[in-house]
Amino acid sequence: MSKKSKQDRKAGPGGTPATVALAASGVPFTVHSYAHDPAAASYGEEAAEALGVAPEQVFKTLLADVDGTLTVAVVPVSGSLDLKALAAAVGGKRAAMADPAAAERSTGYVLGGISPLGQRKRLRTVVDASAQGRPTVCVSAGRRGLEVELAPADLVTLTGASIAPIARG
């Protein structure tokens with residue numbers, strides 16, 4: 001019998017807070033799991049390769065500190081977060097990547113498994129504009145090796161996100 005993480009026990013058998021939130025919302029989604037390699041250089045690129053999808057379809061969830069407020073940025077794994085663009089998107093002046101411990105504490109997830117869905121505390125969220133041109137996107141389902149695929153519009157609605165061009169590359 002495998003050990004379940006603390007967050008999985010809270011979410012119910014086999015679920016994470018993200019999948020529980022999705023199930024409760026009634027929006028269509030698909031869960032994809034794969035064997036996570038702890039030595040992987042990039043969790044997002046590993047997910048894209050394991051799922052057999054373009055890296056532009058898999059989005060990573062990053063946390064930044066914008067003028068003292070934690071802010072969630074959801075950008076394609078094929079690019080990087082433009083901190084100036086994120087700050088501008090939320091009406092801020094300065095943005096820096098959040099302290100990893102603060103990101104984990106605030107979201108309830110571990111790095112590499114932070115989902116924009118089902119976070120412990122709802123944070124201001126911005127989804128990169130490139131998501132709009134895709135029928136579906138994949139984001140972390142709240143655990144390394146677990147992704148959820150859903151329509152970008154549903155992701156935006158469920159997270160209360162705004163949409164802006166915050167990725168580069």
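Within the stretch 92-112, being in contact with a Phe, Trp or Tyr (Cβ under 7 Å, 6 or more places away or on another chain) and among the β-branched types (Val, Ile, Thr) holds for no residue.
Restricting attention to the stretch 136-169, which residues are without any contact (Cβ under 8 Å) to a residue 40 or more places away in the chain and either under 13 Å from THR30 (Cα atoms) or in contact with a Lys or Arg (Cβ under 9 Å, 6 or more places away or on another chain) (or both)? Answer for the stretch 136-169, where residues must be without any contact (Cβ under 8 Å) to a residue 40 or more places away in the chain and either under 13 Å from THR30 (Cα atoms) or in contact with a Lys or Arg (Cβ under 9 Å, 6 or more places away or on another chain) (or both): PRO152, GLY160. Scan the stretch 42-70 for residues that are within 12 Å of the chain's Cα centre (by Cα) and either among the β-branched types (Val, Ile, Thr) or under 18 Å from GLU147 (Cβ atoms) (or both) and jot them down. Within the stretch 42-70, TYR43, GLY44, VAL58, PHE59, LYS60, THR61, LEU62 meet the criteria. Checking the stretch 145-157 against the condition returns no match, with no residue being surrounded by 22 or more Cβ atoms within 10 Å (Cβ to Cβ), at negative phi and part of a loop (DSSP other than H, G, I, E, B).
Listed by position, the strands (runs of 3 or more DSSP E) contained in the stretch 13-124 that have at least 3 residues being surrounded by fewer than 20 Cβ atoms within 10 Å (Cβ to Cβ) and not charged (D, E, K, R) are 30-33.
Coordinate-derived values only; no laboratory data. What you see is a predicted model; the values in this text were computed from it and never measured. Glycine gets a Cβ as well: all are built from the backbone with ideal geometry, and neighbour counts include every protein chain shown.
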